Each structure stands twice: as structure tokens, then as C-alpha cells.
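What follows is a set of notes on a single structure, which appears directly below.
The values are calculated or read from the model by the stated rules, or taken from the named source; none is laboratory data. Bear in mind that the values here come from a model prediction, so they are computed numbers and not experimental data. For neighbour counting, all protein chains shown are included, and Cβ atoms are generated from backbone atoms with ideal geometry for every residue, glycine included. Quick note on the areas: whole protein, heavy atoms, side chains included, nothing else; ligands and nucleic acids left out. Shrake-Rupley method; radii C 1.70, N 1.55, O 1.52, S 1.80 Å.
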Amino acid sequence: MAITYQSPMKLNFITSNGFSNPTSLYPINTHFSFGFNLSSVSSKTQTHITIPEPEPVFTSVKSFAPATVANLGPGFDFLGCAVDGVGDFVTLRVDPNVKAGEVSISDISGAGNRLSKDPLSNCAGIAAISVMKMLNIQSVGLSISLEKGLPLGSGLGSSAASAAAAAVAVNEIFGRKLSVDDLVLAGLESETKVSGYHADNIAPSIMGGFVLVRSYDPLELIPLKFPFEKDLFFVLVNPEFEAPTKKMRAVLPSEVTMSHHIWNCSQAGALVAAILQGDSRGLGKALSSDKIVEPRRGPLIPGMEGVKKAALKAGAFGCTISGAGPTLVAVTDDEERGREIGERMVEAFMKEGNLKALAMVKKLDRVGARLVSSNS
């Protein structure tokens, strides 16, 4: 089925048969794709829909979107997952003082005090505007209060969490008219303008769990289900050091050797297999194996090599850079061991890189961005 929105975004969605995810607020598909090129879809299957403007069902809502670990070692720009218990909050209000059809950012608190309040330059504002366009909102104005729980430039999907929380908040305040597919596209528009065209943060932040980006043109996403009965813990160690995504992308090679290409492909395949099998040890082994991106980014994070060695020595199944860094992520199947691994990694950051660091042990977030509260 293809649906073409007659809106400024001019998007069309090509979806396969889906199922309802019992842990998510939104229906998601086992495999779905979003096509930006209408010529790639048969005219016989295109349905043109004019979406009537919905009325707000709440006067205000509060949403949350989780942090994410992108790349997962060999999965640069095509694998990511959401982690529980840390992320960004957005409070959204119908505001008569804001021009109809527009968004205002009234407040930014927490770790984001350096962010712009211009909604056209702020990832939460861009995502909110994108959802409003999809819904054809023209009669009311909205104000956003953003609470940053994630530090900027941390490698934990800070911009994606803000975008995901804002997209969900706008959708919820108008009665949850859009699917998760739409929300990912809105968040991706924000990511494109802020940190580049990559979905390995925004997709898992909205969808929860592990997500494979099968294709970018058209955008195709595949949720990967880690078995509920299996234990998996992420040890996230964030040093007091900022690694801007654009800077960390600038050091990446424009070409790679065939041997490194084959190696990384095989390890990414092993990583996907480990996720589906609930094999945390195999997941860690594959996550630790990147030969293309980590060797270029690692030297830019003081002490990174020593911290990774400390994690593995302490019993971690694997360790790598989370996203663009500087946060390092290690994996284990035991929470108490995870705390010990975190302590050794913090010590190593100080010893090897002269950096203070904070360690957290978190589970996989299987839900993704969601509504926290609402007022009628």
C-alpha cells in the first residue's frame, strides 16, 4: 500500500503487512519502508489523501524518548538500539499566544542550556513542525518545554531523543493520528538538519529495541527482537569530553579495503544473529569487532583504547564507541557485573585519558518514545 500526503513534505509510504507491538503505543511493522520518490511507485497503487485537520484532544502532554546506542560496532549508520531509563522529556501545550500553525520553544532545561530556542534550528522544534505539517495543523499554536536528560555531543543520541519526544508529543496532543512510520520520518527530517541523514538513532528512539536500517533510498527499517527472557545490560560510560558528530564523521575514510569490508559485513551479520538469538556474549563479540570506524574515532577520545581493555578485562562481552562518542558502551548479561565493569572503565578513563567519567548500567528500552502524562 502506498499513501501520498498532499502536504509540503510530499512523502509517500510503502508498507508491508504489519502487526501490533504489545509493548508500544504505536503499531509497527516487522518490516516497513518509506519512499521519497513517487516515480518508484505504480500509479495504480497510489492513493491520494487529504488529511482533515484534527482538533487537540488535550491542552498539554508530556512525552519521553530514550537514549540510543548507534552503530553497535560494525553497524555504522545502519544498526542502533534504545536504552532504558535515560533520555529527554518534552512538555507540549496548546498556546493561544503562539501564532496558529506555528511552534514556540518556551524553555530548555537540563543539559541543553546551549541549545537555540529557534524552532527552525532546534531538533525538537523541527520535528514538531514536521508532524504539524503531516497533520495539516493550521488553527492552533503550540509551545514546547524541553528537558534535556542527555548531554550534548555524548554519543547517546541526544538530538534524536529531543526530536522523538517532540514528534510523539505533537501526535498525542492531536489524538495519535499518525503511525510510528510517520514519526520516524518527522524525526529524520530533524536529524538531517542537525546532525546528518542517518536513522540509527531516531528510529530506535521512537520504536524502541534494536533496529536495522535496511535501506536509505527508500528508507526501510526492520525491528530486531531481542528475546524477552534473555538478560542484556549496557554499561554506558560518559567522560567529561564532547565529541561533536560532524567532527567525528570528518575523520572517517572515504574508501575501505575489501578485506575490511568483508570483515565488517560478517561481524554485522553475526551481530544481527546474536540479537535475534538473545546471545549477549555473541553480541558483545561482534560489537567489539569494528575495523573501519572505531580505529579512526578511537584516537580522538582520550584513553579510549585503555578503557576498552579495562572493560574486557573486567568481564564485559564486548566494548565499543556509542555512536560518534565519546561515550563507550560495554555489554554483559549481569547487572552487578555491569556495575563492576563500569567502575573499572571510569578508573581507566582517569588513568589513561585524564578524564572524569560517569558510568550507568541500563537495560534495553523495548518501548521507545511514549506519552508520560496529559491534561484535558
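Before moving on, here are some points about what is shown:
- Within the range 121-142, the set of residues being open to solvent by 10 Å² or more (accessible area, probe 1.4 Å), of a type outside the set (Val, Ile, Thr) and over 30 Å from residue 239 (Cα atoms) comprises 133, 136, 138, 139.
- Candidates 219, 224, 236 - the one that is of a type in the set (A, V, I, L, M, F, W, C), free of Cβ contacts under 8 Å to residues at least 60 places away in the same chain and within 16 Å of residue 70 (Cβ to Cβ): 224
- Yes/no for residue 210 being touching a strand residue (DSSP E or B) at 6+ places or on another chain (Cβ under 6 Å) and under 17 Å from residue 368 (Cβ atoms): yes
- Scanning the range 311-342 for residues that are part of a helix (DSSP H, G or I), touching a residue at least 12 places away in the same chain (Cβ under 8 Å) and of a type in the set (Asp, Glu) turns up 335, 340.
- Residue satisfying all of: in the range 189-208; at pLDDT below 90 and either part of a loop (DSSP other than H, G, I, E, B) or over 23 Å from residue 143 (Cα atoms) (or both); most open to solvent (accessible area, probe 1.4 Å) among these: 197
- Selection from the range 97-117 of residues that are more than 20 Å from residue 136 (Cβ to Cβ) and not polar (S, T, N, Q): 105, 107, 108, 110, 111, 112, 114, 115, 117
- Complete set of residues in the range 253-280 that are in contact with a helix residue (DSSP H, G or I) (Cβ under 8 Å, 6 or more places away or on another chain) and within 19 Å of residue 80 (Cα to Cα): 267, 268, 270, 271, 273, 274, 275, 279, 280
- Being open to solvent by 10 Å² or more (accessible area, probe 1.4 Å), assigned to a strand (DSSP E or B) and over 18 Å from residue 201 (Cα atoms) is a property that residue 346 lacks.
- Selection status of residue 341, touching a strand residue (DSSP E or B) at 6+ places or on another chain (Cβ under 6 Å), among the β-branched types (Val, Ile, Thr) and either surrounded by fewer than 24 Cβ atoms within 10 Å (Cβ to Cβ) or under 28 Å from residue 65 (Cβ atoms) (or both): yes
- Condition met for residue 68 (open to solvent by less than 60 Å² (accessible area, probe 1.4 Å), part of a strand (DSSP E or B), more than 30 Å from residue 291 (Cα to Cα) and among the polar types (S, T, N, Q)): no
- Residue count, the range 238-286 (criterion: open to solvent by 50 Å² or more (accessible area, probe 1.4 Å), assigned to a helix (DSSP H, G or I) and either in contact with a strand residue (DSSP E or B) (Cβ under 9 Å, 6 or more places away or on another chain) or under 30 Å from residue 335 (Cβ atoms) (or both)): 4
- Filtered by the rule that a residue be of a type outside the set (A, V, I, L, M, F, W, C) and open to solvent by less than 20 Å² (accessible area, probe 1.4 Å), the range 287-296 gives 289, 290.
- Restricted to the range 352-361, and to residues there that are touching a strand residue (DSSP E or B) at 6+ places or on another chain (Cβ under 9 Å) and open to solvent by 50 Å² or more (accessible area, probe 1.4 Å), the residue that is farthest from residue 232 (Cα to Cα) is 356.
- Members of the range 306-319 that are closer than 15 Å to residue 232 by Cβ, open to solvent by less than 10 Å² (accessible area, probe 1.4 Å) and of a type outside the set (Gly, Ala, Ser): 319
- Criterion (without any contact (Cβ under 8 Å) to a residue 60 or more places away in the chain, aliphatic (A, V, I, L, M), surrounded by 24 or more Cβ atoms within 10 Å (Cβ to Cβ) and not in a loop (DSSP other than H, G, I, E, B)) met by exactly one of 164, 160, 186: 186
- Every listed requirement among (1) more than 26 Å from residue 159 (Cβ to Cβ); (2) open to solvent by 10 Å² or more (accessible area, probe 1.4 Å); (3) of a type in the set (Gly, Ala, Ser) is met by residue 303 save one, (1).
- Members of the range 92-117 found to be open to solvent by less than 70 Å² (accessible area, probe 1.4 Å), of a type in the set (D, E, K, R) and under 22 Å from residue 193 (Cα atoms), listed by number: 107
- Near pairs, Cβ below 6 angstrom, 6+ apart or cross-chain, from the range 127-139 (in contact (Cβ under 8 Å) with a residue 24 or more places away in the chain and in a helix (DSSP H, G or I)) to any residue that is open to solvent by less than 10 Å² (accessible area, probe 1.4 Å) and of a type in the set (Phe, Trp, Tyr): 135/174
- In the range 210-229, of all residues being assigned to a loop (DSSP other than H, G, I, E, B) and open to solvent by 90 Å² or more (accessible area, probe 1.4 Å), the one that is modelled with the lowest pLDDT corresponds to 217.
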